[in-house]
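Just passing along the structure, written as structure tokens.
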Amino acid sequence: MTAILQTANLSKSFGGLHAVEAVNLEVERGHIHGIIGPNGAGKTTLFNLLTGTYTPSRGEIYFNGLSITRLSPERIARLGIARTFQNIKLFKYMSVLDNVKIGFHTQTETSFWDAFFHTSRFHRDERIAAQKGFEILTRVGLAKHADDLASNLPYGTQRKLEIARALATQPQLLLLDEPAAGMNPAETAELIDFIRKLNQEGLTIIIIEHDMKLIMNLCHRITVIHHGEKIFEGTPVEVQNHPGVIEAYLGKGRLNPSAV
Amino acid sequence: MASFKQKLVYFLSAIALLMFPWFIQNDYWLRVAIMIGLYIILASSLNLINGYTGQFNIGHAGFYCIGAYTAAILATRYHFSFWLLLPLSGIVAALFSILIGLATLRLKGIYFSMTTLGFSEIIRLTVLNWASLTRGPMGIPGIPLPELFGFHLASNRHFYYIVLALTGIMLFLSKRVISSRIGRAWIAIREDEDAARAMGVETFRYKLYNLIFGTFWAGVAGCFYAFFTSFISADSFTLDEGFSILAMVLVGGQGNLIGPVIGAASLTILPEIFRNMAQLRLVIFGAAILIMIYLRPQGLAGSSILSQKYHYPKIQRHSPPKHQGQQEVSP
Ligand SMILES: Nc1ncnc2c1ncn2[C@@H]1O[C@H](COP(=O)(O)OP(=O)(O)OP(=O)(O)O)[C@@H](O)[C@H]1O
Ligand SMILES: [Mg+2]
């Protein structure tokens, strides 16, 4: 088994609250790995640790075998981990295309000099950002919105743009935090197809989602988190038949057990 | 790229600006025009910082002051040429901004704002008290006239063309940076710093670049001012001056290049029209800001849409941008 991402004893506390507690996670390259758990379980905090947004209180994170535990978010992004945000964090007053162009920041190198004098490097970089950005927008079906302000898009479409922007960084590992939230069933079905296609093209994906149909449909493995701790890990079938998982959800009264 | 109509407008404005001194025989209005140019550089450079990365620099006058004193001291004591001092004053101002940036840009925005505010006052007080270097409250008189090919540039017309060229260069370079990878990174930082970092933007470094670029032009403006007035003193660089520049940015609208130009022009002309109320300058500016916040929070020139107007004119815009309001001016 070749793990693209591993955590050892990963923990984060806020004051006395153990938001993530001694989590050992192993995500295999090429997998779609689901993270589920009731509200406040610590799923988003886990993503924030993996991407360097939070510094762990304890524990280690390895990406491709190298420790990235204390690296900054921008370093981690450069290494090939991209993410979307649960509470959408688009660049609101930028156009849709410009949002995606930011994703090419690490792949371009225009300096002040290049910008002042429009050197060939400037033109090359602009061409990369515009062409590839447009390609990605076309893939997610947003090309016709290229010139719109990001904040003018409907909610579900904004989530698509977040994915497009993350893809622009050419990641090896993509973290999706509740990508289907706010999407209607048709959009969700489309999203499932799209995520599967990305995965088939070789992208490893970790996905947090409350939509169990999506999770069970897509994931190779699922990690269940409750009160910051990993309480179970297994295949979708195993997770569905595990009593502790149903209890965790029932305890929160969040999901209908038949849906799990 | 710019449409034909846009090009025509640029071309005609350029002609009008070049001809201006030949229509205006009145030296007084020529001086007002020069001051407008100076304030356009100051307001536009502040806007690069406040409007594009969303840092809130309150102490722009401090960098302006450093530029002016660098130029005045080196010109009167060591006979440096005006043309050398223009970039040099900018560089010295930018060096100070690096110190401030290194100390504060990793912290919450409020620390940066407070530091720039304090910095501006510290610079002014230092200038007032370090008499051996700055002649203290007496100021520095007798700053020589700039020379070009052995000619003294003495008339207001000459200074008008100098400031016109500086303003043009400043806006041109700003526009080019803004519509490049660097400018996109700046705006991304303003819009959402966490997201920018997640995209791999080294936000600290890019905020520092931004501060350096913005304060450089404040230093250049200071140098121009020193040579234009031939006398400078600490009185010209009070916090009030900083607030005035800030007011121009806010009234004109931050986050786009034309806003501060309009703001600088209107707030330079306004007190000239109400000359007998000169001591009310700041009150007028304050009122202007309040009226703007109430009526048009995005400023006279509207809000900031980076490049969508320039890069893809062929694509139909579906829903017209109906953004009301800039991101708020919270530090
Ligand atoms: N920056 C923070 N400061 C303090 N507490 C935090 C912070 N971030 C998260 N928490 C707390 O950590 C716990 C886990 O939050 P987290 O957002 O990771 O949950 P989640 O599993 O993503 O929940 P949801 O499904 O609602 O998104 C919560 O109790 C939350 O209040
Ligand atoms: Mg969450």
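Only strands (runs of 3 or more DSSP E) wholly contained in region A:166-226 count here; list those with 1 or more residues that are away from every other protein chain (no Cβ under 14 Å) and over 24 Å from A:LEU97 (Cβ atoms).
A:204-208, A:221-226
Okay, moving on. Return the residues of region A:13-57 that are away from ligand 1 (no atom under 15 Å from the Cβ) and open to solvent by less than 10 Å² (accessible area, probe 1.4 Å); say none if nothing qualifies.
Of everything in region A:13-57, those that are away from ligand 1 (no atom under 15 Å from the Cβ) and open to solvent by less than 10 Å² (accessible area, probe 1.4 Å) turn out to be A:VAL27, A:ILE32, A:HIS33.
Would you please list the contacts, defined by Cβ atoms under 8 Å and residues six or more apart or on different chains, that run from a residue in region A:99-121 that is more than 7 Å from chain B (Cβ to nearest Cβ) and closer than 26 Å to B:ALA198 by Cα to a residue that is part of a loop (DSSP other than H, G, I, E, B) and of a type in the set (A, V, I, L, M, F, W, C)?
What qualifies is A:ASN99/A:LEU90; A:ASN99/A:PHE91.
Which of the residues that make up region B:185-202 are touching a residue at least 12 places away in the same chain (Cβ under 8 Å) and more than 7 Å from chain A (Cβ to nearest Cβ)?
Hits for region B:185-202 are B:TRP186, B:ILE189, B:ARG190.
Answer with yes or no whether A:PHE112 is within 30 Å of B:VAL177 (Cβ to Cβ) and within 16 Å of ligand 2 (Cβ to nearest atom).
So A:PHE112 fails the test.
So, in region A:142-165, how many residues would count as being open to solvent by 20 Å² or more (accessible area, probe 1.4 Å) and more than 14 Å from chain B (Cβ to nearest Cβ)?
2
Residues checked against (1) at pLDDT below 80; (2) over 23 Å from B:TYR52 (Cβ atoms):
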site	(1), (2)
B:PHE237	no, yes
B:PHE243	no, no
B:GLY252	no, no
B:ARG281	yes, yes
B:PRO297	yes, no
B:GLY302	yes, no
B:SER307	yes, no
B:GLN324	yes, no
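Being β-branched (Val, Ile, Thr), in contact with a strand residue (DSSP E or B) (Cβ under 9 Å, 6 or more places away or on another chain) and either touching a residue at least 40 places away in the same chain (Cβ under 8 Å) or within 14 Å of chain B (Cβ to nearest Cβ) (or both) is the requirement here; does A:THR45 meet it?
Answer is yes for this residue.
Considering region B:1-45 alone, what residues qualify as being closer than 25 Å to B:VAL249 by Cα and polar (S, T, N, Q)?
Result: B:GLN6, B:SER13, B:SER44, B:SER45.
Moving to a separate point now. Please name all residue pairs, on different chains or six or more residues apart, with Cβ atoms under 6 Å, provided the first residue is in region A:225-243 and is under 16 Å from A:ILE208 (Cβ atoms) and the second residue is at pLDDT 90 or above and open to solvent by 70 Å² or more (accessible area, probe 1.4 Å).
Sorted first by the residue in region A:225-243, then by its partner, the pairs are A:GLY228/A:HIS18.
Read through the list (1) within 15 Å of ligand 1 (Cβ to nearest atom); (2) more than 14 Å from the chain's Cα centre (by Cα); (3) at positive phi, then give the number of the only condition that A:GLU178 fails.
(2) is the only condition that A:GLU178 fails.
Kindly establish whether A:GLU126 is more than 16 Å from ligand 1 (Cβ to nearest atom), more than 22 Å from A:ASN39 (Cβ to Cβ) and within 13 Å of another protein chain (Cβ to nearest Cβ).
yes
In addition: From the list A:THR119, A:THR106, pick out the single residue that is buried (at least 19 other Cβ atoms within 10 Å of the Cβ), over 14 Å from A:ILE163 (Cα atoms) and at pLDDT below 95.
So the residue among A:THR119, A:THR106 that is buried (at least 19 other Cβ atoms within 10 Å of the Cβ), over 14 Å from A:ILE163 (Cα atoms) and at pLDDT below 95 is A:THR106.
Next question. Return only the number of the condition from (1) within 20 Å of the chain's Cα centre (by Cα); (2) open to solvent by 70 Å² or more (accessible area, probe 1.4 Å); (3) within 14 Å of chain A (Cβ to nearest Cβ) that B:ARG106 does not satisfy.
That leaves (1) as the condition not met.
Counting only residues that are open to solvent by less than 10 Å² (accessible area, probe 1.4 Å) and aromatic (Phe, Trp, Tyr), how many does region B:53-68 have?
2
Would you be able to say whether some residue in region A:2-23 is over 14 Å from A:LYS230 (Cα atoms), away from chain B (no Cβ under 14 Å) and within 16 Å of ligand 2 (Cβ to nearest atom)?
So far as region A:2-23 goes, yes, one or more of its residues are over 14 Å from A:LYS230 (Cα atoms), away from chain B (no Cβ under 14 Å) and within 16 Å of ligand 2 (Cβ to nearest atom).
Inspect all residues belonging to region A:58-76 and state whether any of them is out of contact with any Ser or Thr (no Cβ under 6 Å at 6 or more places or on another chain), over 20 Å from A:ILE4 (Cβ atoms), within 16 Å of ligand 1 (Cβ to nearest atom) and assigned by TED's automatic domain parsing to the domain that holds A:HIS226.
There is no residue in region A:58-76 that is out of contact with any Ser or Thr (no Cβ under 6 Å at 6 or more places or on another chain), over 20 Å from A:ILE4 (Cβ atoms), within 16 Å of ligand 1 (Cβ to nearest atom) and assigned by TED's automatic domain parsing to the domain that holds A:HIS226.
Could you say which residue among A:GLU190, A:GLU209 is modelled with pLDDT under 95, within 16 Å of ligand 1 (Cβ to nearest atom) and either of a type in the set (Asp, Glu) or open to solvent by less than 30 Å² (accessible area, probe 1.4 Å) (or both)?
That would be A:GLU209, the only listed residue that is modelled with pLDDT under 95, within 16 Å of ligand 1 (Cβ to nearest atom) and either of a type in the set (Asp, Glu) or open to solvent by less than 30 Å² (accessible area, probe 1.4 Å) (or both).
Looking at B:ILE273, B:ILE269, B:ILE245, B:ILE232 in this structure, which one is surrounded by fewer than 24 Cβ atoms within 10 Å (Cβ to Cβ) and within 20 Å of the chain's Cα centre (by Cα)?
B:ILE269
Still on this structure, please answer the following. Go over the candidates B:TYR78, B:TYR64, B:TYR52 one by one and state the one that is over 15 Å from B:PHE213 (Cα atoms) and of a type in the set (Phe, Trp, Tyr).
Going through B:TYR78, B:TYR64, B:TYR52 in turn, just one is over 15 Å from B:PHE213 (Cα atoms) and of a type in the set (Phe, Trp, Tyr): B:TYR78.
Condition first: over 16 Å from B:ILE66 (Cα atoms) and aliphatic (A, V, I, L, M). Now tell me which residues in region B:89-144 satisfy that.
Those that are over 16 Å from B:ILE66 (Cα atoms) and aliphatic (A, V, I, L, M): B:LEU102, B:ALA103, B:LEU105, B:LEU107, B:ILE110, B:MET114, B:MET138.
Turning to a different aspect of this structure: Restricting to region A:48-81, name every residue that is within 7 Å of chain B (Cβ to nearest Cβ) and touching a residue at least 24 places away in the same chain (Cβ under 8 Å).
A:THR51, A:ALA77, A:ARG78
The values are calculated or read from the model by the stated rules, or taken from the named source; none is laboratory data. Model, not experiment: these values are computed from the prediction. Cβ atoms come from the backbone with ideal geometry, glycine included; neighbour counts cover every protein chain shown. Calculation scope for accessible area: heavy atoms of the full protein, side chains included, ligands and nucleic acids excluded. Shrake-Rupley method; radii C 1.70, N 1.55, O 1.52, S 1.80 Å.
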